1. Could you tell me whether segment 143-162 includes any residue that is without any contact (Cβ under 8 Å) to a residue 40 or more places away in the chain, in contact with a Phe, Trp or Tyr (Cβ under 7 Å, 6 or more places away or on another chain) and not charged (D, E, K, R)?
2. Could you say which residue among Ser113, Ser171 is over 19 Å from Ile22 (Cβ atoms) and either more than 15 Å from the chain's Cα centre (by Cα) or of a type outside the set (A, V, I, L, M) (or both)?
3. Which of the residues that make up segment 33-43 are more than 19 Å from the chain's Cα centre (by Cα) and hydrophobic (A, V, I, L, M, F, W, C)?
4. Just one of Leu96, Leu79, Leu103, Leu92 is out of contact with any Phe, Trp or Tyr (no Cβ under 6 Å at 6 or more places or on another chain), without any contact (Cβ under 8 Å) to a residue 40 or more places away in the chain, of a type outside the set (S, T, N, Q) and under 23 Å from Leu3 (Cα atoms); which is it?
5. Give Phe50, Phe30, Phe19 a once-over and let me know the one that is over 18 Å from the mean Cα position of the chain (by Cα) and surrounded by 14 or more Cβ atoms within 10 Å (Cβ to Cβ).
6. How about segment 159-182: which of its residues are in contact with a Ser or Thr (Cβ under 9 Å, 6 or more places away or on another chain), aliphatic (A, V, I, L, M) and more than 13 Å from Glu142 (Cβ to Cβ)?
7. Of the conditions (1) part of a loop (DSSP other than H, G, I, E, B); (2) closer than 28 Å to Asp20 by Cα, Glu128 fails just one. Which one is it?
Amino acid sequence: MNLKSLLLEQKITLPDNFFDNIAKYKEHLFKWNKVHNLTGARDEKTVDKFIYDSIFPITFLPKCKNLLDIGTGAGFPGLILAMGLPDTEVTLVEPLAKRASFLQFIKANLNLSNVRVVKKRVEEMPSEIFDLVTSRAVTDTEMLLKLSENFRDKNSKLLFYKGERVYDEVSQNIKHRVIKTENRHYLLIGEDV
């Protein structure tokens, strides 16, 4: 089953230009990846899986006005979420120059006015509160909680893209919920999850 069919099957409401933007994004990703090694995802099937993983949380996330993605890399999940949530201001934090340049290029090429790219380590960013903080494949949950301290308040939610070891990483005294799909465990943390 292709990406579009999978997403439509999930009844994910996406903007009209989402699939056009995804097609352009993939085309550029494959070109840039040959030269700059942005991601280990080298074939369309793997990239589609990453895109699906990135966008699936739209099915359970509350509306948010802004989100911060820590360590966006080649765009997963922050850039993909930005394409799917055009009314959400999305800040992508990526310290590696080649990846930050790619994100900036995609932002301009697809005219993503809701995206801000920050070429820094998240620890170097000035404090700012976000409704949602996301991260995928960066570090363990404890470290992500520490890294996100200056970017959340009691109303903020955290969404970490994890594998099945998520249960070893999250303390029971933290209000959370784990949403499972076939290949992914989404750890959603917040007061009212």
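1. Checked segment 143-162: at least one residue is without any contact (Cβ under 8 Å) to a residue 40 or more places away in the chain, in contact with a Phe, Trp or Tyr (Cβ under 7 Å, 6 or more places away or on another chain) and not charged (D, E, K, R).
2. Working: Ser113 fails: over 19 Å from Ile22 (Cβ atoms).
Being over 19 Å from Ile22 (Cβ atoms) and either more than 15 Å from the chain's Cα centre (by Cα) or of a type outside the set (A, V, I, L, M) (or both) holds for just one of Ser113, Ser171, which is Ser171.
3. Of everything in segment 33-43, just one residue is more than 19 Å from the chain's Cα centre (by Cα) and hydrophobic (A, V, I, L, M, F, W, C), namely Val35.
4. Values: Leu96 fails: under 23 Å from Leu3 (Cα atoms); Leu79 fails: without any contact (Cβ under 8 Å) to a residue 40 or more places away in the chain; Leu92 fails: under 23 Å from Leu3 (Cα atoms).
Of Leu96, Leu79, Leu103, Leu92, the one residue that is out of contact with any Phe, Trp or Tyr (no Cβ under 6 Å at 6 or more places or on another chain), without any contact (Cβ under 8 Å) to a residue 40 or more places away in the chain, of a type outside the set (S, T, N, Q) and under 23 Å from Leu3 (Cα atoms) is Leu103.
5. Details: Phe50 fails: over 18 Å from the mean Cα position of the chain (by Cα); Phe19 fails: over 18 Å from the mean Cα position of the chain (by Cα).
Matching residue, one of Phe50, Phe30, Phe19: Phe30.
6. Leu159, Ile179
7. Every condition holds for Glu128 apart from (2).
Residue-by-condition table, conditions (1) polar (S, T, N, Q); (2) at pLDDT 90 or above; (3) surrounded by 12 or more Cβ atoms within 10 Å (Cβ to Cβ):
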position	(1), (2), (3)
Leu110	no, yes, yes
Val118	no, yes, yes
Asp131	no, yes, yes
Val138	no, no, yes
Leu147	no, yes, yes
Asn155	yes, yes, no
Val170	no, no, yes
His185	no, yes, yes
Val193	no, no, yes
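The values are calculated or read from the model by the stated rules, or taken from the named source; none is laboratory data. Computed from a predicted model, the values in this text were never measured in an experiment. Quick reminder, even Gly has a Cβ in these numbers, built from the backbone with ideal geometry, and neighbours come from all protein chains shown.
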